[in-house]
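Below you'll find the structure, written out as structure tokens, and then a few comments.
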């Protein structure tokens, strides 16, 4: 998620002139456009899937913890 946002912001920074030596039409701007193209969907898809993973991990921990306590492993 963070990488997608960084790639998106890199293009904006170049276009606004905040990065010295980089301007529209340069190779760095072309690379930033590609990063922006990849970054937007990456940012939009990785966030929700990570949210599901975090919820799953917490539910599994709550379900397994009593068993680990009974066996003395926790």
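Matching residues to (1) assigned to a helix (DSSP H, G or I); (2) surrounded by fewer than 12 Cβ atoms within 10 Å (Cβ to Cβ):
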site: 39; (1), (2): yes, no
site: 45; (1), (2): yes, no
site: 49; (1), (2): yes, yes
site: 52; (1), (2): yes, yes
site: 55; (1), (2): yes, yes
site: 62; (1), (2): yes, yes
site: 66; (1), (2): yes, yes
site: 72; (1), (2): no, yes
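Go through the stretch 1-31 and give me each residue that's farther than 30 Å from residue 52 by Cβ and either touching a residue at least 40 places away in the same chain (Cβ under 8 Å) or in a helix (DSSP H, G or I) (or both).
Within the stretch 1-31, 13, 14, 15, 27, 28, 29, 30, 31 meet the criteria.
Got a number for residues in the stretch 1-17 being over 18 Å from residue 44 (Cα atoms) and modelled with pLDDT under 85?
The number of residues fulfilling the criteria is 0.
Which ones in the stretch 18-58 are at pLDDT 90 or above and at positive phi?
none
The values are calculated or read from the model by the stated rules, or taken from the named source; none is laboratory data. Keep in mind that what you see is a predicted model, and the values were worked out from it rather than measured. Positions of Cβ are generated from backbone atoms using ideal geometry, with glycine treated the same way; all protein chains shown enter the neighbour counts.
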